[in-house]
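What follows is calculated from the coordinates using simple rules that are stated; it is not laboratory data. What you are looking at is a predicted structure, and each value in this text was computed from that prediction instead of being measured. Glycine also receives a Cβ, built like all others from the backbone with ideal geometry; neighbour counts cover every protein chain displayed.
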Amino acid sequence: MDDRSPPLGALPRDPDANADAVFESVAELFGLLSTPVRLKIIGALCHGEKNVSQLLTEIDTTQPNISQHLATLYRAGVLGRRRDGTQMYYRLQSERVATLCRAVCTQVAIELEGDGEVPAHERLLVAGGARPR
């Protein structure tokens with residue numbers, strides 16, 4: 001996110017101000033990003049466009065699986081693509097999504113290191129991994 005984004009508490013409290021639509025859209029985005037393979041794809045494409053073969057050297061999955069996730073991210077507008085002969089090249093279309101992923105992944109990595117720098121009330125994770133459901 002950037003400096004222009006309102007803090008969560010600044011979202012409109014008036015139901016007529018589309019607050020429900022905002023939360024539904026955010027939930028849809030988080031659902032799109034809830035698969036580790038998709039996060040890995042976004043991370044790999046932060047460094048430039050790549051074809052499926054190049055992505056498979058970085059991401060431990062099968063070709064059909066990565067193709068399915070690439071198609072989902074493309075349809076959602078997160079990725080762009082171009083064909084060069086028989087190869088399909090993918091690139092990030094949404095830098096904001098990449099920035100969001102980078103921020104959350106960095107925070108989680110810091111917490112997983114376990115050096116105690118993040119106060120408990122500011123953590124995304126509870127001790128030992130993800131928050132309980």
Item to check | ALA19 versus THR35: modelled label distance in nm, points set 7 Å from Cα along the beta carbon direction | outcome: 3.3 nm
Checklist outcome for this item: Zone reached by a paramagnetic label modelled 7 Å from GLU95 Cα along Cα→Cβ, restricted to segment 34-62 with backbone N below 18 Å, covers 42-50
Checklist entry - What does the highest-first list of 40-50, 21-31 look like by mean Cβ count within 10 Å? => result 40-50, 21-31
Checklist entry - What FRET efficiency comes out for the pair ALA103/GLN63, r = Cβ-Cβ distance, R0 = 25 Å, nearest 0.05? => result 0.25
Checklist entry - Listed highest first by mean packing, meaning other Cβ atoms within 10 Å per residue, what order do 64-74, 97-107 come in? => result 64-74, 97-107
